[in-house]
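**Q** Below is a structure I'd like to ask you about.
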Amino acid sequence: MPDLKALELLVAVHDEGSLGAGARAIGMAQPNASRLVARLERDLQQRVVVRRPQGAQLTPVGVMLVEHAREILASTRRLEQAIEALQGQSIPELRIAASLTVAEHLAPTWLTELRRHHPRLLAGMTVANSTMVIDQVRRGVVELGFVEGPEPPHDLPSTVVARDELALVIGLDHPWMERTSPVGAAELAGTPLVTRERGSGTREALDAALSPLEPCGPALELSSNAAVRASAVTGTAPAVLSLLAVADAVHDGHLAVVPTEGFTLERQLRAVWRRDPLRGAAADLVSIAARTGRAPLP
């Protein structure tokens, strides 16, 4: 099959009356035009152009090709226009990363609200601990991150979007079910706990709350809120988790909240990003999170 450039050249030769004029009309050097015609004739094993002193004349085969070429080139231009239109309507994307507590309990509501304002938006969320989320933001893997750590990263813009209360919880068979006094910081620091891994916002918030004490080693160190909660339910050891992560288990009677005193188990949830100013859907998502996340948590 002739390529589109050869068909475009034939049409230009027909309309302009010579090979040189036709080549100039489509922005092609005449030597290149001559080689293109020669290759076309070789492929077809037919003459398509006859060169005469007064110009170039198409052979019957050349005329037939021009008749079809006009339709093909017109269709090609329409296809190009359609592709350009589609590219102009490309689906906007937003890549975010969120720590486990935010991803499991807050981000779905935020993203649902965001979709009302950006119905065509394709939002993708990865879930990781706070340290990994910050790393993804720094490397530009995601545009926006939500983290739970007590201290904001000093090299990234950030803003508080919600507050989160942590709770000391135990399974119903744990001996602390019989106690009537709150647990103090020193006692908690000396108690092996089921904890999240280092780098998680929950672990950092717990360590910050017990500072400057040095907590003893954990009874278990697990990488998800669900695993920590399940271990606490079985009575392995007490655990400190977000109230958001344990509210249903407490409500259903599988876990009990133990009062504490002398330290604060509360943290701020932050949005972090790489470059100011934050724009578009990312800025809108931060606004939604801040608007809906400041109410007291259950």
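The values are calculated or read from the model by the stated rules, or taken from the named source; none is laboratory data. In this text the structure is predicted, and so the values were computed from the model without any measurement. Backbone-built Cβ (ideal geometry, glycine too); neighbour counts: all protein chains shown. These accessible areas exclude ligands, DNA and RNA; they are computed on the full protein's heavy atoms, side chains included. Shrake-Rupley method; radii C 1.70, N 1.55, O 1.52, S 1.80 Å.
**Q** Say we look at the stretch 22-48 and pick out the residues that are more than 52 Å from the chain's Cα centre (by Cα) and touching a residue at least 12 places away in the same chain (Cβ under 8 Å); which of these is most open to solvent (accessible area, probe 1.4 Å)?
**A** R47
**Q** Residue under question is E104, and the condition is that it be among the charged types (D, E, K, R), within 25 Å of T195 (Cβ to Cβ) and either surrounded by fewer than 23 Cβ atoms within 10 Å (Cβ to Cβ) or in contact with an Asp or Glu (Cβ under 7 Å, 6 or more places away or on another chain) (or both); does it hold?
**A** yes
**Q** So, in the stretch 199-228, exactly how many residues are open to solvent by 50 Å² or more (accessible area, probe 1.4 Å) and in contact (Cβ under 8 Å) with a residue 40 or more places away in the chain?
**A** Count: 3.
**Q** Let me ask something additional. Would you please name the residue that is surrounded by the fewest Cβ atoms within 10 Å (Cβ to Cβ), looking only at residues in the stretch 1-21 that are acidic (D, E) and within 48 Å of the chain's Cα centre (by Cα)?
**A** D3
**Q** Any residue at all in the stretch 238-247 that is over 17 Å from V169 (Cα atoms), at pLDDT 90 or above and among the small types (G, A, S)?
**A** Within the stretch 238-247, none of the residues are over 17 Å from V169 (Cα atoms), at pLDDT 90 or above and among the small types (G, A, S).
**Q** Considering only residues that are out of contact with any helix residue (DSSP H, G or I) (no Cβ under 6 Å at 6 or more places or on another chain), under 26 Å from N129 (Cβ atoms) and surrounded by fewer than 18 Cβ atoms within 10 Å (Cβ to Cβ), which ones fall in the stretch 157-198?
**A** P157, T159, V160, R163, G190, T191, P192, E197, R198
**Q** Among the residues of the stretch 69-118, count how many are of a type in the set (D, E) and over 22 Å from the mean Cα position of the chain (by Cα).
**A** 3
**Q** Would you call T112 surrounded by fewer than 18 Cβ atoms within 10 Å (Cβ to Cβ), at pLDDT 90 or above, among the hydroxyl-bearing types (S, T, Y) and in a strand (DSSP E or B)?
**A** Considered against the rule, which asks whether it is surrounded by fewer than 18 Cβ atoms within 10 Å (Cβ to Cβ), at pLDDT 90 or above, among the hydroxyl-bearing types (S, T, Y) and in a strand (DSSP E or B), T112 comes out as no.
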